């Protein structure tokens, strides 16, 4: 097991460097597109978000490229996501499996997709099968989902899939995720019992009452320390996904390496059909 763990650490470290390179490359592509006159509102909005994220990272003593901004396209048309892609961005995310598996095949294959919504076990295989460039599943909240993902990766013959354990730091029943007291147990299961998954970090959703959000984020940061200590993972190789449109700067200041921003980039969401899954 020790050799496998060292291999996983090395692989995660290499992927971390690749992600940092992608973040820097994305900024270069967007700057080049802007210089060539790309005036799409979403491109301008993303440049503003990247600038804000970079300043927040610097306030936390990190480089701007240490933070990944995932553009969440929930309810938005493919054409709008394509505008942002054409402006140079490559990290995108979706919340609903049905919408995701319809949109992803219509967009370029070098997009690094994140699934950030609640994932039901009966939708796991269809998600993994339909999106070969699925880079990460944020939101593994129980062993059952982890096991289904592990089996889906094997059956489809794809490379190991990066995942994050979702922690319910707010205690709200409406939110998915494991209780903070059980995050080490679930993280250990993913790392040791799911060989086709790569445990990349932890994820949480802050409360809508932003005055309470810092406690949610601090709780996840504490969970990270516990998991890294229990599993022998260097903290700099373990991610935190926390922060959305209303609180991503605060999340970055408290240690987030991955923020999920939708409406600030694409505008208010539209819900023509509330029965998405």
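The values are calculated or read from the model by the stated rules, or taken from the named source; none is laboratory data. Computed from a prediction, not measured in an experiment: that's the story for all the values here. Because the Cβ atoms are built from the backbone with ideal geometry, glycine has one as well, and the counts that use them run over all protein chains shown.
For the range 122-138, the set of residues classified as touching a helix residue (DSSP H, G or I) at 6+ places or on another chain (Cβ under 8 Å) and closer than 20 Å to residue 188 by Cα consists of 137 only. Restricting attention to the range 227-238, the residues being part of a helix (DSSP H, G or I), in contact with a helix residue (DSSP H, G or I) (Cβ under 7 Å, 6 or more places away or on another chain) and closer than 19 Å to residue 138 by Cα number 4. Say whether the condition of being surrounded by 22 or more Cβ atoms within 10 Å (Cβ to Cβ), within 17 Å of the chain's Cα centre (by Cα) and within 25 Å of residue 90 (Cα to Cα) is met by at least one residue in the range 165-187. So far as the range 165-187 goes, yes, one or more of its residues are surrounded by 22 or more Cβ atoms within 10 Å (Cβ to Cβ), within 17 Å of the chain's Cα centre (by Cα) and within 25 Å of residue 90 (Cα to Cα). Of all residue pairs spaced 6 or more apart or on separate chains, those with beta-carbon atoms under 8 Å, a first member in the range 59-88 that is more than 18 Å from residue 116 (Cβ to Cβ) and a second member that is part of a loop (DSSP other than H, G, I, E, B) and modelled with pLDDT under 95 are 83/40; 86/38; 86/40; 87/38; 87/40.
Only one entry in 139, 157, 206, 171 is more than 21 Å from residue 238 (Cα to Cα) and modelled with pLDDT under 95, namely 171.
For residue 194, indicate whether it is under 19 Å from the mean Cα position of the chain (by Cα) and buried (at least 18 other Cβ atoms within 10 Å of the Cβ).
When the stated conditions are applied, residue 194 does not pass them.
The residues of the range 244-271 that are within 19 Å of residue 89 (Cα to Cα) and part of a loop (DSSP other than H, G, I, E, B), listed by number, are 244, 245, 257, 262, 267.
Kindly indicate whether any position in the range 40-47 is out of contact with any strand residue (DSSP E or B) (no Cβ under 9 Å at 6 or more places or on another chain) and at pLDDT below 95. So far as the range 40-47 goes, yes, one or more of its residues are out of contact with any strand residue (DSSP E or B) (no Cβ under 9 Å at 6 or more places or on another chain) and at pLDDT below 95. For the range 257-270, state whether one or more residues are touching a strand residue (DSSP E or B) at 6+ places or on another chain (Cβ under 9 Å), within 28 Å of residue 63 (Cα to Cα) and without any contact (Cβ under 8 Å) to a residue 40 or more places away in the chain. Checked against the condition, which is being touching a strand residue (DSSP E or B) at 6+ places or on another chain (Cβ under 9 Å), within 28 Å of residue 63 (Cα to Cα) and without any contact (Cβ under 8 Å) to a residue 40 or more places away in the chain, the range 257-270 yields at least one hit. Residue 92 falls short on exactly one of the conditions (1) surrounded by fewer than 18 Cβ atoms within 10 Å (Cβ to Cβ); (2) under 14 Å from the mean Cα position of the chain (by Cα), and that condition is (1).
Checked against (1) outside any loop (DSSP other than H, G, I, E, B); (2) without any contact (Cβ under 8 Å) to a residue 12 or more places away in the chain; (3) more than 22 Å from residue 263 (Cα to Cα), residue 102 passes all but a single condition, namely (3). For residue 144, the criteria (1) under 20 Å from residue 202 (Cα atoms); (2) modelled with pLDDT of 95 or more; (3) crowded, with 21+ Cβ neighbours inside 10 Å hold in every case but one, which is (3). Scanning the range 113-120 turns up no residue that is touching a strand residue (DSSP E or B) at 6+ places or on another chain (Cβ under 6 Å) and more than 24 Å from residue 148 (Cα to Cα).
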